[in-house]
1. For the chain, what is the mean residue ellipticity at 222 nm derived from helices alone (per DSSP H run of n ≥ 4: -39500 (n - 2.57); sum divided by total residues; nearest 500 deg cm²/dmol)?
2. What residue among 113, 136, 82 has the largest mean-square fluctuation in a Gaussian network model of the chain, using Cα springs under 10 Å?
3. Taking 0.36 nm per residue of sequence separation and subtracting the Cα-Cα distance, how much length would be gained by fully extending the chain between residue 22 and residue 58, in nm to one decimal?
4. Under a point spin-label approximation (7 Å from Cα along Cα-to-Cβ), what is the residue 2-residue 127 distance to one decimal in nm?
5. Could you tell me how many degrees, from 0 to 90 and to the nearest 10, lie between the Cα long axis of helix 50-60 and the main elongation axis, the longest principal axis, of the Cα atoms of the chain?
6. From Cα coordinates alone, what are the radius of gyration and Dmax values for the chain in angstrom?
7. What's the angle, to the nearest 10 degrees (0 to 90), between helix 74-91's Cα axis and the longest principal axis of the chain?
8. Quick one: if the Förster radius is 35 Å, what FRET efficiency do residue 13 and residue 71 give, using the C-beta to C-beta distance and rounding to 0.05?
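Any read-out appearing in this document is the output of simple, stated calculations on the displayed coordinates, not a laboratory observation. This one's a predicted model, so the numbers in the text were calculated from it and none came from an experiment. Reconstructed Cβ throughout: ideal geometry from the backbone, glycine too, with neighbour counts over all protein chains shown.
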């Protein structure tokens with residue numbers, strides 16, 4: 001059975017949807033006002049961004065490494081990062097360049113909804129101190145996945 005249904009695409013787009021060009025312009029304006037902090041990793045490498053270091057490393061033939069980490073709490077995860085970094089130095093090997101924080105999905109919720117949502121595995125970053133420690137605990141560049149948007 002072959003059935004064709006006529007659809008007016010204008011009916012699929014909400015009438016109150018903002019103009020995409022305005023959203024882009026707003027985002028560009030906001031971006032120009034945003035001050036990006038400097039991680040301990042970038043300070044140690046003498047660069048302004050991880051990308052800048054990766055380009056230098058590529059030119060020198062230095063492989064960049066990444067690990068995944070996310071224990072039950074940020075305190076446990078922070079301690080594990082310190083142990084990994086210190087152990088690498090003791091062993092005489094380069095510490096990882098980057099870590100992907102495996103945070104729990106509550107990080108994607110608005111702040112006022114996180115405490116009441118069911119706890120999962122992985123840490124939550126609850127306050128400005130946690131976020132600061134994410135970039136300043138060890139000179140390993142943090143990476144946050146898309147479930148952190150809203151955090």
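1. The helix-only estimate for the chain comes to -12000 deg cm²/dmol at 222 nm.
2. Most flexible of the set in this elastic network: 113.
3. Working: separation 36, 0.36 × 36 = 12.96 nm, distance 3.79 nm.
Contour length minus Cα-Cα distance gives 9.2 nm.
4. For the pair residue 2/residue 127, the computed spacing is 6.7 nm.
5. Between the helix axis and the principal axis of the chain, the angle is about 60 degrees.
6. Every Cα atom of the chain included, Rg and Dmax give 21.0, 70 Å.
7. Roughly 40 degrees, rounded to the nearest 10.
8. On the way: r = 44 Å, r/R0 = 1.26.
Efficiency at R0 = 35 Å is approximately 0.20.
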